[in-house]
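The values are calculated or read from the model by the stated rules, or taken from the named source; none is laboratory data. These figures come from a predicted structure and were not determined experimentally. Ideal geometry is used to build each Cβ from the backbone, glycine not excepted, and the neighbour counts take in all protein chains shown.
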Amino acid sequence: MVLDWREIALDPGFLREPGSGASRLVVWRPVESPNGSPLWERIAGAPGEVIVLAGLASVSATLLRARQRSRGFVGRLIGRFDEARGKRTLVLPDGETVEQEGERITDCLLACVQDPAGQLDEERVRSQWPNARAYRRLGSGLFLVEGCLPRDSQATDPELPPVDGHPRRQAEQALIEARNRGDHAVEATAMADLGVILLNEGRPRDAVGLLEQALTMAGPLGDAARAGDIASNLALALLYVQQPGRARPLLEQEMARARTAGDLPAEKLVAERLGLVASATGDPRGALNWFERALALTRRVGDRHQEANLLWLQAIQLAELNQRDDAIARGQEAVTLFTTLGKPQAAAYGVYLQKYRMGLFDGPPLPAPTGPGDFLGGSLVAGAMAAVPAPAAAQAPSSPTQGTTGPGLLRMALSAARSAGQFAGSGFKTTPPELQRRRIETCASCEHHTAVRCKVCGCFTAAKSRLLHESCPLGKWPG
Ligand code: SF4
């Protein structure tokens with residue numbers, strides 16, 4: 001049986017956790033605190049099917065207590081686990097941050113009547129689970145029963161998994177640890193990492209907010225390279241929200257810094273992003289020039305994946321300038337390089353290039369999947385290009401029935417290739433554990449690593465290192 005938990009009435013004082021939805025009940029309520037600082041309880045039912053016995057539905061549940069600590073934008077973003085201290089920091093539905101107190105109790109269940117409007121009394125619940133530790137009413141038809149599950153059926157809380165190699169949790173943990181140490185430099189970079197992750201998860205406005213905070217924090221630290229990395233990513237996020245005018249000065253400033261410092265990896269990324277700004281403001285020739293400059297830099301650095309990306313971005317600009325033969329030639333160079341590198345995106349680019357060559361049309365590709373685990377980072381360029389409409393003068397003929405042709409088709413290939421790369425992430429060969437471990441160790445000691453992200457290619461190394469066909473842009477990874 002499946003219940004719609006949204007229909008179950010709760011007594012006053014409970015707050016439903018956002019996102020718990022129809023398939024799962026997660027609620028908070030304040031409880032009396034002996035020392036005055038606010039104390040809360042979180043009751044979380046397991047998602048999925050409920051068991052019905054003698055007319056009562058039940059699902060396993062967990063219970064924990066948490067004490068209110070601080071408020072803030074980052075706190076609203078994340079639920080976190082502080083492994084070092086064995087304490088989780090959680091976020092209440094109203095955005096306040098609380099810290100777990102004591103152990104999570106996992107031998108509970110939620111019991112309710114099947115009819116959402118029905119009534120349930122404690123006597124009936126007791127008769128069903130006579131040996132439980134405690135019975136607590138949560139609503140007219142809902143009880144929490146504590147101490148009623150055998151050990152092997154105790155609930156787990158799938159929303160709060162232990163810290164693993166996922167980039168988001170790595171960044172969250174880096175942020176918490178930096179705050180605990182009072183290390184503002186690492187804190188600013190961890191906030192920037194989280195901002196880039198939000199961008200990948202399709203939340204560009206949140207990403208802009210977080211990256212702005214990170215930049216504000218990094219400013220007074222006197223670390224121009226750190227601030228420049230954050231500014232460059234903020235500029236990319238601003239492209240997603242169609243604010244190229246705000247992105248440009250950030251990138252120009254970072255370009256000046258990178259050139260003065262001889263920071264080629266940063267310079268090549270900034271040149272590519274300035275090309276995206278030019279493209280977004282209807283200047284395909286300017287974009288072409290920036291991409292050419294980025295291409296020269298990326299060849300010097302040796303980042304062949306970005307080289308292939310840039311060739312494709314140039315093909316788009318050439319198509320928008322109606323230089324069709326040049327666009328096809330440049331696009332073919334990109335496809336050949338992606339193929340040589342063994343990149344799963346090669347096939348998608350090849351298909352779109354063939355359609356462009358033949359003057360065919362296509363409907364919009366399936367949206368690129370977003371969410372934790374989907375991304376490597378480099379595909380952010382596709383989102384930045386997709387977020388900004390092509391210049392009107394350069395738009396290819398299309399109609400609602402025909403779909404897209406011309407330069408628009410080549411732009412669409414970016415999204416299609418992003419999807420291909422992400423699907424490949426789950427379907428292509430994964431790296432043997434020992435090799436992945438050595439890749440991660442190499443990144444951990446690399447000066448271009450932020451703790452989770454490679455500043456040379458923009459990828460999240462925990463995700464990237466899992467895929468056998470991926471490589472370090474500087475050739476540092478062991479073979
Ligand atoms: S992939 Fe890792 S080792 Fe290679 S440049 Fe990036 S951070 Fe450094």
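When region 445-454 is examined, which residues are found to be in a loop (DSSP other than H, G, I, E, B) and either in the same structural domain as Glu177 (by TED's automatic domain parsing) or under 15 Å from Gly302 (Cβ atoms) (or both)?
Cys446, His448 - these are the residues of region 445-454 that are in a loop (DSSP other than H, G, I, E, B) and either in the same structural domain as Glu177 (by TED's automatic domain parsing) or under 15 Å from Gly302 (Cβ atoms) (or both).
Just a yes or no: is a residue in region 420-435 modelled with pLDDT of 70 or more, β-branched (Val, Ile, Thr), touching a Cys at 6+ places or on another chain (Cβ under 6 Å) and surrounded by 19 or more Cβ atoms within 10 Å (Cβ to Cβ)?
no
So if I check each of Leu109, Leu175, which one is at pLDDT below 80, surrounded by 21 or more Cβ atoms within 10 Å (Cβ to Cβ) and in contact with a Leu (Cβ under 9 Å, 6 or more places away or on another chain)?
Just a single option satisfies the conditions, and that option is Leu175.
Being surrounded by fewer than 20 Cβ atoms within 10 Å (Cβ to Cβ) and within 10 Å of the ligand (Cβ to nearest atom) narrows it down to one residue among Gly458, Gly475; which is it?
Matching residue, one of Gly458, Gly475: Gly475.
Among the candidates Leu221, Leu199, Leu215, which residue alone is surrounded by fewer than 18 Cβ atoms within 10 Å (Cβ to Cβ) and aliphatic (A, V, I, L, M)? Spell out how you get there, then give the answer.
On the way: Leu199 fails: surrounded by fewer than 18 Cβ atoms within 10 Å (Cβ to Cβ); Leu215 fails: surrounded by fewer than 18 Cβ atoms within 10 Å (Cβ to Cβ).
Leu221 is the lone residue from the list that is surrounded by fewer than 18 Cβ atoms within 10 Å (Cβ to Cβ) and aliphatic (A, V, I, L, M).
Please indicate, with yes or no, whether at least one residue in region 151-159 is of a type in the set (A, V, I, L, M, F, W, C), at pLDDT below 80 and under 20 Å from the mean Cα position of the chain (by Cα).
no
In region 266-297, how many residues are under 23 Å from Ala348 (Cα atoms) and among the hydroxyl-bearing types (Ser, Thr, Tyr)?
Counting residues in region 266-297 that are under 23 Å from Ala348 (Cα atoms) and among the hydroxyl-bearing types (Ser, Thr, Tyr) gives 1.
Which is modelled with pLDDT under 90, loosely packed, with under 15 Cβ neighbours inside 10 Å and in a strand (DSSP E or B), of Val59, Val52?
Val52
So if I check each of Arg466, Arg453, which one is basic (Lys, Arg), touching a strand residue (DSSP E or B) at 6+ places or on another chain (Cβ under 9 Å), more than 7 Å from the ligand (Cβ to nearest atom) and closer than 23 Å to Ala235 by Cβ?
Values: Arg466 fails: closer than 23 Å to Ala235 by Cβ.
None of the others qualify; the one that does is Arg453.
Can you find, within region 429-446, the residue that is farthest from the ligand (Cβ to nearest atom) among those that are over 13 Å from Cys472 (Cβ atoms) and among the basic types (Lys, Arg)? Before you say what the answer is, go through the steps one by one.
Filtering region 429-446 for residues over 13 Å from Cys472 (Cβ atoms) gives 429-430, 432-434, 437.
Those left that are additionally among the basic types (Lys, Arg): 429, 437.
Values: Lys429: 18, Arg437: 13 Å.
Checking each candidate, the answer is Lys429.
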